[in-house]
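Undergrad: Quick one: structure below, then a few questions.
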Amino acid sequence: MIEIDFALLRRIGLTQTIAAQLHQYPDDARLARITEIQRDWLTVHDGLGEFRARALPLLHDEHLAVGDWVLSTTRDHDERWLCALVPPTTHIARRGNDGRHHRLVSNVDTALLVMGLDHDFNPRRLERYLAIVQTAGVQPVVVLSKADIGDDVARRVEQLRQRLPAGIPLLAVDGTSGDAARQLAPWLEAGQTLVMLGTSGAGKSTLTNTLAQAGQLTGGVRKGDGRGRHTTTSRSLHQCAGGACIIDTPGLRSWHPDTGEAGLAAAFEDIDALAAHCQFRDCRHNAEPGCAVQGAVDADRLRNYHKLLREARRGQQTPLDRIADVAKWKVLQRAAQARSKARRG
Ligand SMILES: Nc1nc2c(ncn2[C@@H]2O[C@H](COP(=O)(O)OP(=O)(O)OP(=O)(O)O)[C@@H](O)[C@H]2O)c(=O)[nH]1
Ligand SMILES: [Mg+2]
Ligand SMILES: [Zn+2]
């Protein structure tokens with residue numbers, strides 16, 4: 001079995017689950033975590049420092065993502081090669097327009113869904129992100145940025161609190177201030193890995209810099225529509241002084257939920273739970289008598305749920321895919337519940 005210094009690697013997010021899988025790799029390999037992926041090489045961190053490496057052909061580049069744990073070996077001329085991928089405990093993926101799955105990040109505990117309280121504010125888009133993150137078994141935290149300059153801040157925060165299930169943490173922050181780090185402290189414990197997700201200009205890099213003193217370039221927003229300029233162009237992992245890791249990502253343009261109906265139903269569990277009390281079993285929550293959902297759930301949230309369901313059904317899932325999806329979701333949900341219980345306990 002390869003030798004590791006757990007305390008050292010903990011600083012870049014090593015967990016017991018990953019460490020328990022290491023017996024299957026050759027002794028001379030070295031454990032490292034991918035912190036950035038470039039066209040021709042990858043940057044990895046071995047606990048002591050970062051170095052460049054390349055993936056051996058048998059390790060297909062397309063399966064690697066920032067946050068993955070990999071094994072590296074040194075070959076002639078001190079070249080470092082990645083020879084194996086430790087199966088990730090979680091990964092967030094996106095379905096491209098071509099219908100193929102692309103891994104965005106691996107081995108994350110918490111996703112900070114960053115949304116500006118300015119022009120960026122869009123509850124429907126946020127619900128789409130929530131579905132994707134929850135399907136991946138990752139704990140979402142809604143971070144409303146630009147609380148210091150946003151419009152109508154108190155009303156928007158309250159509107160979202162009413163709309164989303166109570167279990168989803170929601171904070172309003174000024175990402176440029178140290179207070180943001182204090183507000184997010186419960187998710188920043190040593191060994192935790194977080195990912196920033198949100199549109200361009202939302203403030204992901206600004207918050208990354210505040211939490212990790214990372215020196216990420218931040219950009220302005222365009223005059224007029226307030227959209228961002230895609231300042232960040234690649235995903236990268238950064239260490240916080242307190243021992244957590246943060247993955248900053250570029251703003252996503254389009255994001256199809258990489259999930260089936262079961263995943264969506266779980267992400268909209270408030271609607272699902274109420275639906276059990278509707279008078280008709282096939283109630284569409286659309287003015288039917290004895291409907292328990294209408295009026296109890298934000299009307300726009302309900303419309304958004306139906307829209308996402310239609311999208312998911314259009315996806316090319318076979319019945320077998322769907323069964324696998326339900327099974328996968330159940331396992332992930334149990335793991336997420338165990339983790340949040342462990343954190344509370
Ligand atoms: N006042 C204020 N400005 C913020 C806040 N968060 C971000 N900004 C500003 O918003 C602009 C965009 O912020 P970035 O951090 O670059 O946004 P991003 O999400 O990383 O954008 P991409 O890298 O393009 O995906 C910058 O000018 C920031 O200074 C905030 O909480 N308060
Ligand atoms: Mg950025
Ligand atoms: Zn109903």
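Read the figures in this text as sums done on the coordinates, not as results from a lab. If you're wondering where the values come from, they're calculated on a predicted model, not measured in any experiment. Cβ placement follows ideal geometry from the backbone for every residue including glycine, while neighbour counts extend to all protein chains displayed.
Undergrad: If you line up the Cα atoms of the stretch 142-296 on their principal axes, what length do they span on each, largest first, in Å?
TA: Taking max minus min along each principal axis of the Cα atoms, the stretch 142-296 gives 57, 41, 29 Å.
Undergrad: Per residue, how big is the convex hull of the stretch 55-130 when only Cα atoms are used? Give it in Å³.
TA: Working: hull volume 11.3 nm³, N = 76.
Per residue, the Cα convex hull of the stretch 55-130 comes to 148 Å³.
Undergrad: First measure r as the distance between the Cβ atoms of LEU58 and ARG313, then evaluate 1/(1 + (r/R0)^6) with R0 = 30 Å and state the FRET efficiency to the nearest 0.05. Could you put the intermediate results ahead of the total?
TA: Working: r = 37 Å, r/R0 = 1.23.
E(calc), rounded to 0.05, equals 0.20.
Undergrad: Take every Cα pair under 8 Å in the chain that's 6+ residues apart, average their separations, divide by the length, and report that relative contact order as a whole percent. Intermediate values should be presented prior to the final figure.
TA: Values: 657 pairs, mean separation 52.6, N = 345.
In percent, rounded to a whole number, it is 15.
Undergrad: Show me the trypsin sites (Lys or Arg not before Pro) within the stretch 50-124 that DSSP assigns to loop and that have at most 11 other Cβ atoms within 10 Å of their Cβ. List each step's numbers first, then the result.
TA: On the way: sites: ARG52, ARG54, ARG75, ARG80, ARG94, ARG95, ARG100, ARG103, ARG124; in loops: ARG100.
Within the stretch 50-124, the qualifying trypsin sites (Lys or Arg not before Pro) (loop, at most 11 other Cβ atoms within 10 Å) are ARG100.
Undergrad: Can I ask one more? Are there cysteines in the chain with no other Cys C-beta under 4.7 Å, and if so, which?
TA: When partners are defined as cysteine Cβ atoms under 4.7 Å apart, the chain leaves CYS83, CYS240, CYS245, CYS291 without one.
Undergrad: While we're on this one: If you average 1/r across every pair of different Cα atoms in the stretch 97-136 and take the reciprocal, what Kirkwood value do you get, in Å? Each step should come with its number before you reach the end.
TA: Values: mean 1/r = 0.0832 Å⁻¹.
Averaging 1/r across every pair of different Cα atoms and inverting gives 12.0 Å.
Undergrad: Let me ask another. Could you tell me, in Å, what Rg and Dmax come out for the Cα atoms of the stretch 120-165?
TA: 11.5, 33
Undergrad: Once both labels are modelled 7 Å past Cα along the beta-carbon direction, what's the ASP5-ARG344 spacing in nm?
TA: 3.8
Undergrad: Now for a different question. Could you compute the longest span of the chain free of GluC sites (Glu not before Pro) located in DSSP loops and having at most 13 other Cβ atoms within 10 Å, not counting the site residues?
TA: Working: sites that count: GLU3, GLU189.
Formally, the longest exposed-site-free interval is 4-188.
Undergrad: Taking only DSSP H segments of four or more residues, each worth -39500 (n - 2.57), what value at 222 nm results for the chain once the sum is divided by all its residues, to the nearest 500 deg cm²/dmol?
TA: After summing the helix terms and dividing by residue count, I get -9000 deg cm²/dmol.
Undergrad: Whats the longest run of the chain with zero chymotrypsin sites (Phe, Trp or Tyr not before Pro) that are DSSP loop and have at most 15 other Cβ atoms within 10 Å? Intermediate results must be reported in sequence, preceding the final value.
TA: Values: sites that count: TRP41, PHE280.
My reading of the result: 42-279 is the longest stretch.
Undergrad: Follow-up. Hey, what's the Kirkwood Rh for the stretch 49-190 if you take every pair of different alpha carbons, in angstrom? List each step's numbers first, then the result.
TA: Values: mean 1/r = 0.0565 Å⁻¹.
By the Kirkwood definition, the hydrodynamic radius is 17.7 Å.
Undergrad: Something else: Would you mind giving the average projected area, over all directions, of the Cα convex hull of the chain in nm² with one decimal? Please report the intermediate quantities before stating the final value.
TA: Numbers: hull surface 77.3 nm².
Over every viewing direction, the Cα hull of the chain projects on average to 19.3 nm².
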